[in-house]
Amino acid sequence: YQKIKFSNLSYKYVNTNIVALKSINLDISTNKMTGVVGHVGSGKSTIIQIMCGILTPSNGELFFDNISHKKFNWNQFRSDVSYVSQHVFLFSDSIRNNILLGKESVSDMELINITKKLCLFDEIKFFKDGFNTHVGEGGVKLSGGQKQRIALARALIRKPKFLFLDDALSNVDSSTELEIINFIHTTLKETTVIISSNRLSVLSFCANI
């Protein structure tokens, strides 16, 4: 894919009749990091969820290159996508299994490296059982920042072609977030990254919308 295009796209949440997006037109280049910025309730999450195929536009069209969302092969596309929302869900399982989530061809070194890059490895080592620590349903034994970084490790370990981050590091401090975003920016050269954040410093890595 070379370009993602919104053409007069609108979205209304059916149960509330809230118009989150109205007649949006924009072009997003692939293989770059693009930032979406705006206040709470401005439609950032809606834009990202439409690009992921979680939501379907109420009006207008979303194009991948010249293919409309109405004719797009979403099943194939989703196999190339990693999506991390601000509301992280972890399974009642080990940290290792929550990161791998069925992906078997990952070495211990890869697991260690990715968690180091996400400023998470030292915190995992602090736990008595390390990567085998059972986190409980929803990750109840972990802080919000730890849960977000485990979810991000899960997304990155798949080496996706598209990475969607919806305010996915809101619970880590700003310096850690910048370190993580810099790692993504410099490492995932062939990945299209769409990130929403309220921290303007993060958006310095991005082409802003």
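The values are calculated or read from the model by the stated rules, or taken from the named source; none is laboratory data. Model, not experiment: these values are computed from the prediction. Accessible surface areas use protein heavy atoms only, side chains included; no ligands, DNA or RNA. Shrake-Rupley method; radii C 1.70, N 1.55, O 1.52, S 1.80 Å.
By how many degrees, 0 to 90 and rounded to 10, does the Cα axis of helix 144-156 deviate from the longest principal axis of the chain?
So the inclination is approximately 70 degrees.
Could you work out the mean projected area of the convex hull around the alpha carbons of the range 110-206, in square nanometres to one decimal?
Projected over every direction and averaged, the Cα hull of the range 110-206 covers 6.2 nm².
Counting only protein heavy atoms, what percent of the accessible surface of the range 20-165 is carbon or sulfur at a 1.4 Å probe?
50 percent
Could you state the per residue volume, in Å³, of the convex hull enclosing the Cα atoms of the range 1-103?
Dividing the Cα hull volume of the range 1-103 by its residues yields 144 Å³.
Given a cut-off of under 8 Å on Cα pairs at least six residues apart, what relative contact order in percent is computed for the chain?
RCO, the chain: 28 percent.
Provide the per residue accessible area, probe 1.4 Å, for the chain, rounded to a whole number of square angstrom.
Normalised by residue count, the accessible surface of the chain is 52 Å².
In the chain, if every C-alpha pair distance is counted and binned at 10 Å from zero, what percent goes to each bin?
8, 34, 34, 19, 5, 0
With N set to the residue count of the range 1-43, report its C-alpha Rg divided by 2.2 N^0.38 Å to two decimal places.
Compared with the compact-globule rule of thumb, the range 1-43 sits at 1.37.
To the nearest 10 degrees, how steep is helix 108-117 against the longest Cα principal axis of the chain, on a 0 to 90 scale?
It is inclined by approximately 70 degrees.
Taking the Cα atoms only, what angle lies between the long axis of helix 174-187 and the longest principal axis of the chain, rounded to 10 degrees?
In the chain, helix 174-187 runs at an angle near 70 degrees to the longest axis.
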